[in-house]
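Down below is the structure, laid out as structure tokens.
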Amino acid sequence: MAGFRARWAADVICSRAIFRRLKDELRSPLRFYAAMALKLIPGLYPAPIKLNLRDGKVFYVNTFMTLYIFVEIFVERIYDLPDACGTVETIIDVGANTGLFVVRAKQVWPDATIVAFEPEPRNYAELEKTIKDNGFQRRDCAQ
């Protein structure tokens with residue numbers, strides 16, 4: 001796993017395209033790179049690192065994997081649907097992890113209702129924090 005993290009981090013650092021997309025999404029892409037360095041080795045820096053999106057939303061990096069997921073969702077936009085899909089009214093996020101997709105979905109489909117489920121207790125606590133810190137309305141959800 002350490003080899004994967006190191007290779008992925010090197011690819012991200014060397015990619016100008018990713019840097020441009022990080023500049024589009026984050027207030028400080030350099031904080032992203034700092035978080036990547038601090039979270040590369042598990043346990044090296046256990047405190048969460050707050051990253052601010054350009055639209056005022058926030059998320060916390062607790063593990064290296066959060067950065068990987070952020071790149072997938074916000075930089076590569078792997079879950080964005082083509083405009084031709086029409087209006088999106090409801091999104092069900094099963095396995096919501098810490099809520100990064102919830103934040104992205106509200107950017108792309110601000111009027112959609114999002115139902116997010118996360119069974120892992122630590123991730124669920126972070127999901128609730130993400131919902132609260134970004135001013136989203138929390139509905140009754142089951143862990």
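Computed values, structure above
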| quantity | calculated |
| --- | --- |
| Partners for K57 among lysines (Cα-Cα distance below 19 Å; same-chain residues under 8 apart left out) | K23, K106, K129, K132 |
| Bridge type composition, the stretch 1-124 - antiparallel percent by DSSP, nearest 5 | 50 percent |
| Charge sum, other residues only, whose C-beta stays under 9 Å from A112's C-beta, Lys/Arg counted +1 and Asp/Glu -1 | -1 |
| Selection from A34, T130, F117 lying farthest towards where the dipole of the chain points positive, charges on Cβ | A34 |
| Heavy atoms of T90 accessible to a 1.4 Å probe, total area in Å² rounded to 10 | 90 Å² |
| Phi-based couplings in Hz for the stretch 8-21 (Karplus 6.51, -1.76, 1.60; Gly and Pro marked x) | 5, 4, 4, 4, 5, 4, 7, 8, 5, 5, 5, 4, 4, 5 |
| Stretchable slack from Y68 to Y33, in nm (0.36 nm times residue separation minus alpha-carbon distance) | 11.4 nm |
| The chain, accessible surface, carbon-and-sulfur percent (1.4 angstrom probe) | 55 percent |
| Derived scalar couplings ³J(HN,Hα) [the stretch 100-112; Karplus, 6.51 cos²θ - 1.76 cosθ + 1.60; whole Hz; x for Gly, Pro] | 4, 5, 4, 4, 5, 4, 5, 5, 7, 10, x, 8, 6 |
| Residues with amide H under 5 Å from that of D93, placed H, sequence gap 5 or more | V115, A116, F117 |
| Charge sum, other residues only, whose C-beta stays under 11 Å from I69's C-beta, Lys/Arg counted +1 and Asp/Glu -1 | -1 |
| Helical contribution to [θ] at 222 nm, DSSP H n ≥ 4, -39,500 (n - 2.57), averaged over the chain, rounded to 500 | -13000 deg cm²/dmol |
| Alpha-carbon centroid distance for the pair the stretch 79-130 / the stretch 15-40, whole angstrom | 22 Å |
| Overall form of the stretch 1-55 per C-alpha gyration tensor (a/c, 1.5; a/b vs b/c) | oblate |
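The values are calculated or read from the model by the stated rules, or taken from the named source; none is laboratory data. Owing to the predicted nature of the structure, the values given are computational and were not obtained by experimental measurement. In this analysis, Cβ positions are derived from the backbone assuming ideal geometry, glycine residues included, and neighbour counts consider all displayed protein chains. The accessibility values were calculated without ligands, DNA or RNA, using every heavy atom of the protein model including side chains. Shrake-Rupley method; radii C 1.70, N 1.55, O 1.52, S 1.80 Å.
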